[in-house]
Structures are given as C-alpha cells and as structure tokens.
Amino acid sequence: ATTGVGNILLNARSGNITAQAIIHGGTGNISLNAVGTNLNGNVELWNTTNATDGTAFVGVLQTDNATIDVKAGNAIDMKDGSTILSKGGDIRFEAVNNINVSYVDAMNASPERAGDVAIISTSGSILDVDNGTALDVYAAGLLMEAATGIGTSTNHLDTTVTTLTASAGSGGMF
C-alpha cells in the first residue's frame, strides 16, 4: 500500500499502469495517466481476488475529500470487486476505448460535501463488470459520455446519484 499526504502522480509514458494494492492519497489528489507517447496505455485496477500477492484490501484508489483522476490512451479496467473511494472528492475516468466499472464512490459522511463523478469513453463503452445489480457509482452528480454505449440490456450500470447527465451512441444507455 502507498499512502501520501501530498499529491500522487503515476505517469506511464509508454505502457500500462496496474494497481494491485491500495494507493491512498490522504488529503492529496491522485492522478494515474497512461496516455504516453504511444497513446495506447491501459489502467488496470485490481481487487483482492485478482491481486497476484493474495493481499486483501478495500479500495484500490482512496482519498480523504480529494480528487481522483484516471486517464488511459486505451482502456480503464476495474476488476470485479475493486473500489475507488474519494470521501467527497471528485472522480474522473477518461479513456479512448472501454471503461469497465466495478464500484466508484464519491460520497462523504456529510451529504452536502459529496463529490461528483465523470466517466468518459471517447470511442468505446462504459460497462458494469459485475454482471449483477450491485451498486456501481455512488455520487452527488454523475456525468457519463460514451461513443458506443453505457451498460448493456442484460447488465445495467447501477447508480445512486442526485444529478445524472449521460450521452451514448448506438449501444444505448442501460
């Protein structure tokens, strides 16, 4: 696990970023950037089942009311059971291709301090990885933009938000 009191930036100039343990920014912001010079990096966020060392943890990326920003030149792949927790900070995912969502939580113990979530796929879809009805996004506001689709007719993206703004292409929104 990595815990910080300042900002954390992981920048892959070429290749992928794979988080297999907790990255806790404390009150500092977290940025994962796998765009690089080849523009095709992936960000993979693992859970306890997928972690290669068998370590149990809750939340791959965590902050205490600070921003979490994840950007990939190819795809963002949250493994089933992985979580992103900002405790009131805003969360933004942006990828060229698919974004697989497990659980993203921007809420705070004080609802008036809850954060917003933006999930943007410029050429792909936003998909639910758990194939069930478990909550996927919990936030004050949620913005989703996908060139293809959001969820599928058989596996909806499950959200609890106050404000929802969404746009999808031919794949529709579920």
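The values are calculated or read from the model by the stated rules, or taken from the named source; none is laboratory data. Quick caveat, the model's predicted, so the values are computed rather than measured. Heads up, the Cβs are rebuilt from the backbone with ideal geometry, glycines too, and the neighbour counts pull from every protein chain shown. What goes into the accessible areas is simple: the full protein's heavy atoms, side chains included, and nothing from ligands, DNA or RNA. Shrake-Rupley method; radii C 1.70, N 1.55, O 1.52, S 1.80 Å.
Things to note:
- Only the Cβ atoms of Lys and Arg (+1) and of Asp and Glu (-1) were treated as charged; on that basis the dipole of the range 51-156 about its Cα centre amounts to roughly 60 debye.
- Taking amide H as placed 1.01 Å from N in the peptide plane, T18 has its amide H under 5 Å from the amide H of E44, each at least 5 places away in sequence or on another chain.
- The range 76-100 and the range 112-174: distance between their alpha carbon centers, rounded to Å: 11 Å
- In sequence order, calculated HN-Hα J values of the range 143-157 (Karplus, 6.51, -1.76, 1.60; Hz; x Gly/Pro): 10, 10, 10, 9, 5, 9, x, 10, x, 9, 5, 9, 8, 6, 7
- Listed values for the range 115-132 are Karplus-derived 3J(HN,Hα) couplings in whole Hz (6.51 cos²θ - 1.76 cosθ + 1.60, θ = phi - 60°), namely x, 9, 10, 10, 10, 10, 10, 6, 9, x, 10, 10, 10, 8, 7, 8, 6, x, and x replaces Gly and Pro.
- The amide H of T83, built 1.01 Å from its N in the peptide plane, has G59, V60, L61 as neighbours under 5 Å, considering only residues 5 or more places off or on other chains.
- Amide H to amide H, with H built 1.01 Å from N, R92 comes under 5 Å of I68, D69, V70, A118, counting only residues 5 or more places away or on other chains.
- Efficiency of FRET from Cβ geometry, T165 and S110, R₀ 22 Å, rounded to 0.05: 0.40
- Within the listed set L45, L157, L135, the Gaussian network model of the chain (springs between alpha-carbon atoms below 10 Å) gives the highest mean-square fluctuation for L135.
- Counted residue by residue at 0.36 nm each, then reduced by the alpha carbon distance between them, the extension gain from A21 to L135 reaches 38.9 nm.
- Nonpolar atom fraction for the chain, defined as the carbon and sulfur part of the 1.4 Å probe accessible area, stands at 49 percent.
- Ligands, DNA and RNA aside, R113 has an accessible area near 120 Å² when probed at 1.4 Å.
- Of [x] 1.39; [y] 0.94; [z] 1.18, the label for Rg/Rh (Cα atoms, Kirkwood Rh) derived from the coordinates: [y]
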